[in-house]
1. Checking A:LEU133 against (1) modelled with pLDDT of 95 or more; (2) under 25 Å from B:MET451 (Cβ atoms), which single condition isn't satisfied?
2. From the set of residues in region B:418-465 that are of a type in the set (Lys, Arg) and more than 7 Å from chain A (Cβ to nearest Cβ), which is surrounded by the most Cβ atoms within 10 Å (Cβ to Cβ)?
3. Contact list please: Cβ distance under 7 Å, first residue in region B:351-366 and on the phi > 0 side of the Ramachandran plot, second residue assigned to a loop (DSSP other than H, G, I, E, B) and surrounded by fewer than 24 Cβ atoms within 10 Å (Cβ to Cβ), pairs at least six apart or on different chains.
4. Would you mind stating whether A:LYS138 is surrounded by fewer than 19 Cβ atoms within 10 Å (Cβ to Cβ) and modelled with pLDDT of 95 or more?
5. Hand me the list of strands (runs of 3 or more DSSP E) wholly inside region B:157-238 holding 3 or more residues that are of a type in the set (Ser, Thr, Tyr).
6. Whether any residue in region B:317-324 is within 20 Å of B:LEU464 (Cβ to Cβ) and outside any strand (DSSP E or B) is what I want to check.
7. Could you tell me whether region A:37-55 includes any residue that is within 14 Å of chain B (Cβ to nearest Cβ) and among the basic types (Lys, Arg)?
8. Residue under question is B:GLY295, and the condition is that it be farther than 30 Å from B:GLU432 by Cα and in contact with a Pro (Cβ under 6 Å, 6 or more places away or on another chain); does it hold?
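The values are calculated or read from the model by the stated rules, or taken from the named source; none is laboratory data. What you see is a predicted model; the values in this text were computed from it and never measured. FYI the Cβ positions are ideal-geometry reconstructions off the backbone, even for glycines, and counts take in every protein chain you see.
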Amino acid sequence: MSLLEIRNLKVKVDNHEILKGIDLEINPGEVHSIMGPNGSGKSTLAQVLARRESYDVTSGEILYNGKDLLAMKPEDAACEGIFMAFQYPVEIPGISNAYFLRSALNAIRKYRGEDELDAMDFLPMFREKLKLLDMDEKLMNRSVNEGFSGGEKKRNEILQMAVLEPKLAILDETDSGLDIDALRIVANGVNAMRSPDRAIIVVTHYQRLLNYIVPDFVHVLVNGRIVRSGGPELALELEEKGYVEIDSETRQVTPA
Amino acid sequence: MSTNINTIRDLAEREYQWGFVTDIEEERVPKGLNEDVIRLISAKKNEPGFMLEWRLKAYRHWASLEKAQAEPKWANIKYAPINYQNISYYSAPKRKPSLKSLEELDPELLRTYEKLGIPLEEQKLFAGVAVDAVFDSVSVATTFKEKLAEIGVIFCSFSEAVQKHPELVQKYLGTVVPYTDNFFASLNASVFTDGSFVYVPKGVRCPLELSTYFRINAAETGQFERTLIVADEGSYVSYLEGCTAPIRDENQLHAAVVELIALDNAQIKYSTVQNWYPGDKEGKGGIFNFVTKRGKCQGVNSKISWTQVETGSAITWKYPSCILQGDNSVGEFYSVALTNNYQQADTGTKMIHIGKNTRSTTVSKGISAGHGQNTYRGLVKIMKGATGARNYTQCDSLLIGDKCGAHTFPYIEVRNSTARMEHEASTSKIGEDQLFYLRQRGLKAEDAVSMIVNGFCKRVFRELPMEFAVEAQKLLSVSLEGSVG
């Protein structure tokens, strides 16, 4: 059974149709990249998968692990193993990173009927993950994302992913605003998380990130539709030709 | 978004869990206020002449204020006029409150405090906390009294202090909040029936947290308690008060006075977790909490620190203040005030700098939800002689939903050019972005709201004694339920 199955998904935001019929199937162990120009609907797709409620799904369905994802609240989707690394992580003043992350992990464990971890159980595992992302433990006593640089925020997202160990991770433009060193650290963190029972969706503008996180499949999203799907070589072709050319080529082959 | 609102709204249905009434025989004076009632209260309490005289002076002053319609109207609160003749000014559980031991206490009262989570049996108490329990108008039990007496600390009900330590009461009563101070303080001075009294002798660091638990039980009564804390030279005391009341449709008046006096090098830390019945979702019923609290840093290097977590009451009108008279004295005010449903709060502090190099810090966190109206009102006054005075004020408001209001009225009066003043203020709204972020990590909507609010209040919670900080966080979460909509 596939992990995620999206069928004919149509989504409106403020009465404006953003996604115009998406079909996508993702199996455990696969890494899919969704590429597309600004405004193509990439982030909308990511947010709908994470169950953000301000989007109006007008038709279609999403099966996650065989369950109706569209019927889930964001916290239930999270507890079922869906994780999104945010493009713009928010700040939560007064709540430390470590406390926040342990609360989140315990909420998920509780949902699954597992014992909650106290600070002593949590710490050794947490320290290991910090090393993976090359992050300073001191940062973890600071408030969530408060005063973090852009790069630190993105690394913090991947750290959270490493701790929460999702079944389906969605990286929403995690590469934006990262310098080359930070990009490498983030990519290493993500690659370390690749496993036969985890799927990852990498949403990005640029091919650059895909040099480090090599996807199994690439999908090109233009104007609310997936116009082409292929292997990692499609990303390189895109880089060369640009979205406009790929889109018009596609139209010639299969008129919309 | 809509699920967000619904989950939280569902939880709003959860009721005020301290709203029960204890069925106990009470003794009360007839409704109404006149000199006879005051003489009766004083006689019931077997008070010495100076007390009766003071009460009568206070009453006459209050009566003149009432005649002149001088009830304060400047606060940002709205309520129907109070009929002061329709309140009973004295209500006490019938059994004689002067107890030799807790075994003599009415078992119904013991059960009440047990239900409130305040067991009065000493072995069941938090280690390190002594409790004075005030039920309606009188103190019903004080724990750990003997243990404290060994080191000279007096911790007892106000009535007992009047009997056993009249010289201390006479010396300090009304020296910080005179009976002429304001309308409600005058009313309190005329009719107050009990409260707590603390005296910490020279050089003693009080080893226990002292705590008073106030409970209004009887209907159509007011609660007027008075607390007096004196920290003699070089001493230290930490004091905490908590309060609850039953659910009733009519408003009940609570007009308390608290006076703190810190002599040379003494330190008083006063914490409040106020959870009077706030009224129902439509704003019916609830306590009018009109309270005057003031501390005087009389001696050099003395320090008074107020920490309050205000989640209850239909209306809160309260400005715990510091008079910084001694050179190098320090005043602090840390406040969390939450208004949900139709609650109104007008609260803040006054820092009066008189001595040289006096310092004050004000940190106020106001949270408004539902139709709540939350006002911060603060005064920092630097007198002519207060050379080198410093004040730091931080005043933050958090809005939940779009029907509530946050207001800020900071007043600053500086008469000495060496003063250094800092004022920071912010207003923010719990955003959908923040909520979604936390929920995407697996936290339930209501836990997410509560986490954001607790983070917002952290600076203040840090000032509370450990056990109470945990309580305050829980209380805040419960009071917030149903707040997004």
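1. All conditions are met except number (1).
2. The first filter runs over region B:418-465 and keeps only residues of a type in the set (Lys, Arg), leaving B:420, B:429, B:439, B:441, B:444, B:458-459, B:462.
Then drop every residue that is not more than 7 Å from chain A (Cβ to nearest Cβ), which leaves B:420, B:429, B:459, B:462.
Values: B:ARG420: 12, B:LYS429: 15, B:ARG459: 17, B:ARG462: 12.
Across region B:418-465, the extreme among qualifying residues is B:ARG459.
3. So the pair list comes out as B:ASN357/B:ASP327; B:ASN357/B:ASN328; B:ASN357/B:GLY388.
4. No; evaluated as a whole, the condition is false for this residue.
5. On the way: elements: B:196-200, B:209-215, B:226-231.
The strands (runs of 3 or more DSSP E) meeting that bar are B:209-215.
6. Filtering region B:317-324 for residues within 20 Å of B:LEU464 (Cβ to Cβ) gives B:318-322.
If we keep only those that are outside any strand (DSSP E or B) as well, we get B:319-320.
Within region B:317-324, one or more residues are within 20 Å of B:LEU464 (Cβ to Cβ) and outside any strand (DSSP E or B).
7. Taking every residue of region A:37-55 in turn, at least one turns out to be within 14 Å of chain B (Cβ to nearest Cβ) and among the basic types (Lys, Arg).
8. On the way: farther than 30 Å from B:GLU432 by Cα: yes; in contact with a Pro (Cβ under 6 Å, 6 or more places away or on another chain): no.
Spelling it out, it is not the case that B:GLY295 is farther than 30 Å from B:GLU432 by Cα and in contact with a Pro (Cβ under 6 Å, 6 or more places away or on another chain).
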